[in-house]
C-alpha cells in the first residue's frame, strides 16, 4: 500500500494526519531537500504534498526530488495567502505536456 506524505509548517499540515497522511513538520525550507531525498528512497511513498511557503523557500529541493524519482509531488497553497508557486507549477506541467501554454499568464 502506498503512503501519502505532507511536508510543511506543522500548523498547516496537521489536518492531513487525520485523513491518513504521514506528516513531516519543518521549521523552514533548509531541511526540505534532506527530507525529500529520504522520501525519494522509500518505494512505498506514492504522493508527496509540500506547502507552497516551504516550496518557495527551496525550489531546488523540489526540482531535485522530481529528477530522482517518479513519485507525484504537488505543491499545495495555504490559507496564508498564495505566492502563486502552485499555479506556476501547474502551468509549466501543462505546457510541457501539451507544448502550449493554455492557462495563460498569471494576472496577479
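The values are calculated or read from the model by the stated rules, or taken from the named source; none is laboratory data. Bear in mind that the values here come from a model prediction, so they are computed numbers and not experimental data. Every residue, glycine as well, gets a Cβ built from its backbone with ideal geometry; the counts of neighbours run over all protein chains shown.
If residue 47 satisfies every condition in (1) touching a strand residue (DSSP E or B) at 6+ places or on another chain (Cβ under 7 Å); (2) modelled with pLDDT under 80; (3) not in a helix (DSSP H, G or I) but one, which is the exception?
Just one mismatch for residue 47, condition (2).
Output the number of residues of the range 26-48 satisfying the condition of being surrounded by 15 or more Cβ atoms within 10 Å (Cβ to Cβ) and in contact with a helix residue (DSSP H, G or I) (Cβ under 7 Å, 6 or more places away or on another chain).
Just the residues of the range 26-48 that are surrounded by 15 or more Cβ atoms within 10 Å (Cβ to Cβ), to begin with: 26, 29, 31-33, 35-36, 39-40, 45, 48.
Among the residues that remain, those that are also in contact with a helix residue (DSSP H, G or I) (Cβ under 7 Å, 6 or more places away or on another chain) are: 26, 29, 32-33, 36, 40, 45, 48.
Residues that pass the stated criteria total 8.
For every residue, the table says whether it meets (1) at pLDDT below 75; (2) surrounded by 12 or more Cβ atoms within 10 Å (Cβ to Cβ); (3) in contact with a strand residue (DSSP E or B) (Cβ under 7 Å, 6 or more places away or on another chain); (4) outside any strand (DSSP E or B).
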| position | (1), (2), (3), (4) |
| --- | --- |
| 54 | no, yes, yes, yes |
| 60 | no, no, no, yes |
| 64 | no, yes, no, yes |
| 78 | no, yes, yes, yes |
| 81 | yes, no, no, yes |
| 88 | yes, yes, no, yes |
| 100 | yes, no, no, yes |
| 105 | yes, no, no, yes |
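Checking the conditions here, which among 2, 70 is surrounded by fewer than 19 Cβ atoms within 10 Å (Cβ to Cβ) and free of Cβ contacts under 8 Å to residues at least 12 places away in the same chain? Full working, then the answer.
Details: 2 fails: free of Cβ contacts under 8 Å to residues at least 12 places away in the same chain.
Step by step, each of 2, 70 is checked, and only 70 is surrounded by fewer than 19 Cβ atoms within 10 Å (Cβ to Cβ) and free of Cβ contacts under 8 Å to residues at least 12 places away in the same chain.
List pairs: first in the range 88-101 and farther than 11 Å from residue 75 by Cβ, second at pLDDT 70 or above and exposed (fewer than 13 other Cβ atoms within 10 Å of the Cβ), Cβ under 7 Å, 6+ apart or cross-chain?
Close Cβ pairs (under 7 Å, with a partner that is at pLDDT 70 or above and exposed (fewer than 13 other Cβ atoms within 10 Å of the Cβ)) amount to 91/101; 95/101.
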